Amino acid sequence: MIPAAFSPHAVRGRFPALTQTIDGQSVAFFDGPGGAQVPQSVLDAMVTYLGHYNANLGGQFFSGHHTTAMMQQARESAAAFVNAPSPNCMVFGPNMTTLTFSLSRAISRDWHAGDEVVVSALDHYSNVSSWQQAAHDKGAIVKQVRVDESNYSIDMTHLASLITDKTKLIAVTLASNTTGSLVDVAKVVEMAKKVGAKVYVDAVHYAPHHLVDVQALGCDFLACSAYKFFGPHVGFMYVAPKWVQTLQPYKVEPATNQGPGRFETGTQSFEAIAGFIAAVDYLAQWGEPTHSLRERLVESYAQYQTHEQALSAHFIQLMRAYPKVRIYGITDDKQLVQRTPTFAIRIEGVSPAEVAKTLGEQNLCVWNGHFYAQGLCEQLDILDKGGVIRIGMMHYNTIDEIDRLHQALLPFIND
Ligand SMILES: Cc1ncc(COP(=O)(O)O)c(C=O)c1O
């Protein structure tokens, strides 16, 4: 059976948040990079788990069996989502930041004074501060690669100059949560492998828009968060097979020391994990039903990308008419495949906070600020100037919503 083709109108009715009115007016959500809206199927999965199967792992009764089986299913869904070679590479935890701080302690156990770590100015600081602090504890040196202001990705030439035979780890994002630019992480991995450095990847902003493939990237670790791709607040992480048993995570005795559970502390948010499984199924729904979950994700994401690129093209084309608008990101129509539909803009003479507040009063949800992309905002010299307005589109957004946003921006962008 060939599934129906994706269109935002085919999914919008399934998101309670998208169909609600606030003060008699519909809401347009352009805040997706801060957290996406959630479909009913995800909400149902969470309520069903808590309402009927709430238990801990390993209980010798129906809800314990259910929870244990669900955890295994979650690892399988997560493995399909990032194309991991095995579900045993997939670890769950509260969020990307907590997982990264926790893993940074395990990874840095064998670092010594004078060892080097490379972080990026493009990254959310969850993937910077964690490594800076781990390095500080060991006397290791931290270097930060600059942003290339021609494409708002990382400066690959600068990166090459920072890598030495003392480099232990490179931490980098797959996509900027501010400029939307993608990073060629496969290339970073290639450079890292030449000196035996590990690569830790942040997939949080990339995952709702592009399908992660850890085998194609060749990275050692990759962390992600489900609330950015239509799921609940839960994080997960890929640990390459060679590190699953060999790294020594900080653990409570006598918790399991086998498999991915080694990296999980305390009791998981099982209701969120139920929602995570449903979110992956939601994302895969436009694939051929007889295909594997991974194949269905590949088929579905191809459709999301076509739509998201059309949204980007429309927004860029509208904004081109206004010299007061500056977009910090790729605007060339032929390069849209190199970005997500996330736009960082500033409007001459107006503070980002003022614009976001005015739009918010009209139920147009956009973010303002730095989004923890501190290195980027420092390099662009906008950290103390209110950062940027971030207009983030998801596959549920429509051309009509962008037109409504455009109209609301007119008082600020017209000369
Ligand atoms: C690119 C990026 N990385 C990491 C994070 C942190 O994720 P979490 O909230 O799951 O810790 C965010 C959150 O906004 C993000 O946008």
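Data table
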| read-out | value |
| --- | --- |
| Relative contact order (%) - criterion: Cα under 8 Å, at least six apart; region: the chain | 22 |
| Unsatisfied cross-links (Cα-Cα over 27 Å) in the set Lys357/Lys385; Lys168/Lys334; Lys228/Lys357; Lys143/Lys385; Lys138/Lys251 | Lys168/Lys334 |
| Unit charges on C-beta of K, R, D, E only; dipole of the chain, Debye | 660 |
| Potential lengthening between Phe101 and Glu253 on full extension [0.36 nm per residue; Cα-Cα distance subtracted] | 52.7 nm |
| Inter-probe distance in nm under a simple model that places probes 7 Å from Cα toward Cβ, at Lys385 and His9 | 4.2 |
| Efficiency of FRET from Cβ geometry, Ile141 and Thr358, R₀ 35 Å, rounded to 0.05 | 0.20 |
| Per-residue [θ]222 nm for the chain (sum of -39500 (n - 2.57) over DSSP H runs n ≥ 4, rounded to 500) | -11500 deg cm²/dmol |
| Reach of Lys166 by Cα under 14 Å, taken over aspartates and glutamates that are not fewer than 8 positions away in the same chain | Asp110, Asp115, Glu116 |
| Sparse-neighbour loop sites [trypsin sites (Lys or Arg not before Pro); segment 222-321; at most 12 other C-beta within 10 Å; DSSP] | Arg320 |
| Rounded percent of accessible protein surface that carbon and sulfur make up, segment 45-282, 1.4 Å probe | 53 |
| Convex hull volume per residue for segment 124-189, taking Cα atoms only, in Å³ | 82 |
| Sparse-neighbourhood loop sites, GluC sites (Glu not before Pro) in segment 319-415 - DSSP loop, at most 10 other Cβ within 10 angstrom | Glu361 |
| Kirkwood-type radius of the chain, with distances r between different C-alpha atoms, in Å | 22.1 |
| Segment 45-282: translational diffusion in µm²/s, Stokes-Einstein, Kirkwood Rh over Cα pairs, 4 °C, 1.567 mPa s | 71 |
| In segment 75-138, trypsin sites (Lys or Arg not before Pro) in a DSSP loop with at most 15 other beta-carbon atoms within 10 Å | none |
| Proximal charge balance of Gln144 [Cβ under 14 Å; K/R count +1, D/E count -1] | -3 |
| Percentage relative contact order, segment 292-415, counting C-alpha pairs under 8 Å, at least six apart | 30 |
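The values are calculated or read from the model by the stated rules, or taken from the named source; none is laboratory data. Here the structure is a predicted model, which means the values were calculated and not measured. With ideal geometry, Cβ positions are generated from the backbone for all residues, glycine too; neighbour counts draw on all protein chains shown. Only protein heavy atoms, including side chains, enter the accessible area calculation; ligands, DNA and RNA are left aside. Shrake-Rupley method; radii C 1.70, N 1.55, O 1.52, S 1.80 Å.
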